[in-house]
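First up is the structure itself, then whatever we jot down about it.
The values are calculated or read from the model by the stated rules, or taken from the named source; none is laboratory data. Owing to the predicted nature of the structure, the values given are computational and were not obtained by experimental measurement. No Cβ is skipped: glycine too gets one built from the backbone with ideal geometry, and neighbour counts run over all protein chains shown.
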Amino acid sequence: MPCLLSDMKVVAVIPAGGKGIRSGLSLPKQFIKIKGKELISYTIEVFQKCKDVDKIYVAASPEYFPLLEKCRKKYRFTKLKELIPGGSERQDSVYNVLCSGKFYDDDLIVVHDAARPLLSKSLLKNVIAAAKKSGNGVLAVKAGDTLASGEEYIKSYPERKNIYYIQTPQVFRYSEIREAFDKAYQENFIGTDESMLVKRIGHDVRLVPGSYLNFKITTPEDIKLLKKLLPGKGLK
């Protein structure tokens, strides 16, 4: 699809189809209420308030669409344009959004985990700015702890000097990320994130400094920590 730079939009894609098994909850973690507000609403709120973001898409199981519609109205998420059925894997959920046919080649697609509610406005703006300049950008933090490999016992200590923990948001031009996803499905490849798929087809991926506060809610301990860090009435 031909596109002019003036047509470029910044589109947030939030995959929220996960079951949250490791959280030990009966409800997927992204939909639990913390301090009276659904976890995913904290996440969407960051993108809603960011002037650089034009649209928001959430991919989730259709059974949670009524809940998401309720959140959209309650918190006035005017940028939340459409709810897309999620897939069995994170990759499937993102791909379902990419295939919805509403994007131009130069649009910036900003993929962010639903369960990373502590993303700051400054980090979001930084990674979008990096992508506008370099074509893509991925938040990451350098490994600070000693690394070890093995199973029951340590076998070796990998060098941590150039090791990073990859976070989200991950930002790519639509043409680039769509090509990466198409190629992955053609070859039955499932990656753990978007950067892996894009790097796999030969594109350089730019690392942008992230924050340890931008952690993903996975375990019950993460939920306890989040309750201590979240302000009472949403993110400031």
- Message: Exactly one condition in (1) among the basic types (Lys, Arg); (2) out of contact with any strand residue (DSSP E or B) (no Cβ under 9 Å at 6 or more places or on another chain); (3) at pLDDT 95 or above is false for LYS29; which is it?
- Response: (3)
- Task: Return the only residue of SER88, SER93 being among the polar types (S, T, N, Q) and more than 22 Å from GLU179 (Cβ to Cβ).
- Result: SER88
- Task: Could you tell me whether segment 107-125 includes any residue that is more than 27 Å from PRO209 (Cβ to Cβ) and either of a type in the set (D, E, K, R) or buried (at least 17 other Cβ atoms within 10 Å of the Cβ) (or both)?
- Result: no
- Keeping to segment 30-70, report how many residues are surrounded by fewer than 16 Cβ atoms within 10 Å (Cβ to Cβ) and outside any loop (DSSP other than H, G, I, E, B). 9
- Residue by residue through segment 184-221, note down the ones that are in contact (Cβ under 8 Å) with a residue 24 or more places away in the chain and part of a helix (DSSP H, G or I). ALA184, TYR185, GLU194, SER195, LEU197, VAL198, PRO220
- Item | Conditions (1) of a type in the set (Lys, Arg); (2) in a loop (DSSP other than H, G, I, E, B); (3) at pLDDT 95 or above; number of the one not met by LYS125 | (2)
- In segment 166-179, is there at least one residue being in contact (Cβ under 8 Å) with a residue 60 or more places away in the chain, in contact with a strand residue (DSSP E or B) (Cβ under 9 Å, 6 or more places away or on another chain), among the aromatic types (Phe, Trp, Tyr) and not in a loop (DSSP other than H, G, I, E, B)? yes
